Amino acid sequence: MEKKTLGMMIAERRKASGMTQAELAEKMGITDKAVSKWERDISYPDISTLPHLAEVLGVSIDELMTCRTPSSEEMKSKDKSGNLLTIICRAIALAMGVAVAVLSVLHSIDSTSAFTMLGIGLGALALSAMQKEQ
């Protein structure tokens, strides 16, 4: 099995996106000759352009630099673990809110503890929102 090079990865992702070398070059603000050299492994993108190149090609910088995209099985596994984390964070937030409400009604919680618990719940919601964006 031949190892995929950075040039091969760039060419593969460019073609998968339906772009020509000229279109990729225009989006990157370079010449199509530079893209051609990248794809033939004659030269490489400047390190400062890698985040933009990864974005244009629809991959992460890690995927670009390791010259591999995750398999569909890896993506499913990542989605499942991400969904589980989101569910857990939301459950923590709900549990903290319910606990504060019940303990307040029973007059069994002081305001410092209540705010601490609500803060934990809000932190869990923030984590959930951040996980959802990824």
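Is it the case that some residue within the range 24-41 is on the phi > 0 side of the Ramachandran plot and under 26 Å from the mean Cα position of the chain (by Cα)?
Yes, some residue in the range 24-41 is on the phi > 0 side of the Ramachandran plot and under 26 Å from the mean Cα position of the chain (by Cα).
Among the helices (runs of 4 or more DSSP H) confined wholly to the range 1-42, which include 3 or more residues that are surrounded by fewer than 19 Cβ atoms within 10 Å (Cβ to Cβ) and charged (D, E, K, R)?
21-28, 32-39
I'd like to check something: does the range 84-94 contain any residue that is at pLDDT 90 or above and in a loop (DSSP other than H, G, I, E, B)?
Checked the range 84-94: no residue is at pLDDT 90 or above and in a loop (DSSP other than H, G, I, E, B).
Name the pairs whose Cβ atoms lie under 8 Å apart, with the first residue in the range 111-128 and within 14 Å of Leu94 (Cα to Cα) and assigned by TED's automatic domain parsing to the domain that holds Ala99, the second of a type in the set (Lys, Arg) and at pLDDT below 95, and 6 or more positions between them or separate chains?
Going by the 8 Å Cβ cut-off, the qualifying pairs are Ala124/Arg90; Leu125/Arg90; Ser128/Arg90.
The values are calculated or read from the model by the stated rules, or taken from the named source; none is laboratory data. This one's a predicted model, so the numbers in the text were calculated from it and none came from an experiment. Here the Cβ is made from the backbone with ideal geometry for all residues, glycine too, and neighbour counts use every protein chain on show.
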